[in-house]
Amino acid sequence: MTQNGYETQNDPQRVVVNAHHLKAQHEAETVGTVRAGHLVEETANGVQPLSVDGSRPGRILIALDLPGRGYQHGDAFPEGETIEYAEVTGGAVRGLLATGNNVSLTDDLTSAGDGTVRAMTGDGSDTAVFQVPGDEPVNKSYGIDTTGASDAQLVHMEVTH
């Protein structure tokens, strides 16, 4: 069940895409390791983690989970696996926050160059792609700290315009 663009705590492992901001949904084989929740880019051979760091891509594409095939948010798809990914134009999604970051409500996020997102540097060299929502539901965390984490963590984010 989805409420205000977020799934309820009964199903916390989904990559949520707010339906009225879904521009298109695609399928392609993975090139390298793609995880559910990664930002991705299309190549001649399929999709791979988004490789630009600190920039806004021309199209915002995110790898979806495939619960019917046993994949949840953050799970890695084997190379060559056919996955589903969505192009979003706005709204709320769940992505993966890179390690070494500490973000809270309304912080701007940008691509980390490996499919994850990271906090903005603050020196003006980054372009915001997402923002941590300022009105997250009460059943979600209000900040995420991955400074000591060994792996990227789930982050709720909204596409910036």
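Readers should treat all values here as calculations from the given coordinates under stated rules, not as data from a laboratory. All values derive from a computational prediction rather than experimental measurement. Glycine gets a Cβ as well: all are built from the backbone with ideal geometry, and neighbour counts include every protein chain shown.
Structure values in brief
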item: Chymotrypsin sites (Phe, Trp or Tyr not before Pro) lying in DSSP loop within segment 33-133, provided at most 15 other Cβ fall within 10 Å; result: none
item: Simple label model, 7 Å out from Cα along Cβ direction - Asn102 to Thr121, nm; result: 2.0 nm
item: Low-density loop positions, GluC sites (Glu not before Pro), segment 46-116 - DSSP coil, at most 13 other Cβ in 10 Å; result: Glu79
